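Visitor: Got a structure here, written out as structure tokens. Questions coming.
Rule-based calculations on the coordinates, nothing more; no lab input. Because the structure is a prediction, the values reported are computed rather than measured.
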Amino acid sequence: MKTLPTGNCARFAVKPLTHGGTPAPLWLAEFEERPLPALDLSECENLVVVAAHPDDETLGLGAMITQLAASGVPVQVVCVSDGGAAHPGAPASERFRMETILRYESRRATKSLNVPPPVLLGLPDGELTDHEDALSEMLTERLEAAGPATWCAANWRGDGHPDHEAVGRAASAACARTGAALLEYPIWMWHWAVPADAVVPWDQGYSVPTPVWATERKRRAAQCYRSQFDSYTGGPVPKLPGFVLPRLLAVGEVVFR
């Protein structure tokens with residue numbers, strides 16, 4: 001996988017979510033002119049989806065997850081963090097409340113995608129870089145148990161969020177040890193990057209074929225994460241502004257492999 005060693009956190013930091021980011025029509029025009037090859041889902045016999053935060057699995061690959069589940073492929077979602085730092089600076093009581101809410105919402109979302117409840121590793125949100133080695137060991141154990149034909153889909157190592165990039169690196173190391181096929185899915189790249197961006201490994205990119213029913217199921221699953229789209233008590237803005245989900249649904253799902 002071709003990605004910058006230092007990641008793209010600085011790129012994301014200078015383009016906060018209080019701004020609209022790269023509009024979906026620009027991405028759609030780029031893909032119309034230079035379409036990515038389609039990912040062959042029939043090659044997947046078993047899928048482990050690693051999500052840095054509750055909701056990443058749905059926002060990044062919800063349509064792919066539900067399609068594979070519908071075709072009888074075993075799918076396991078592994079949620080790495082507890083999600084408690086969704087609103088930085090919140091008191092401990094608010095963090096605990098957010099963790100509890102997100103556990104409930106993640107169960108609802110995976111149920112909407114017709115897959116089992118997620119495995120919750122409970123590592124601290126916002127601090128996954130400090131736990132990268134331990135996470136790699138945990139993922140190695142899970143992938144060894146899943147078998148060599150497993151696909152492991154994880155946050156892209158260059159996505160711009162420190163937690164996302166740490167999870168991508170840990171998953172890459174685990175796949176190298178076990179022989180599992182690694183796929184990396186972007187989420188925040190669609191916000192801070194631009195079409196033909198030199199830091200994005202487009203030559204490794206594949207589009208996920210997405211029928212209408214799978215997109216709609218992804219939409220419903222994403223809406224289970226109400227805590228992320230609503231402002232929390234005393235908070236000025238929601239964690240995920242209203243333009244985030246429509247853009248993700250419009251551009252579709254892409255993986256790097």
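Visitor: Work out how much length T129 to R226 would gain on full extension: take 0.36 nm times their residue separation and subtract the Cα-Cα distance, in nm to one decimal.
Guide: On the way: separation 97, 0.36 × 97 = 34.92 nm, distance 2.67 nm.
This chain segment gains 32.2 nm when fully extended.
Visitor: Report, for the chain, the % of DSSP beta bridges that are antiparallel, rounded to 5. Each step should come with its number before you reach the end.
Guide: Numbers: 5 of 23 bridges.
For the chain, the DSSP antiparallel bridge percentage is about 20.
Visitor: Per q in 0.07 1/Å, what log10 I(q)/I(0) does a Debye calculation on the alpha-carbon atoms of the chain return?
Guide: Computed log10 I(q)/I(0) values: -0.21.
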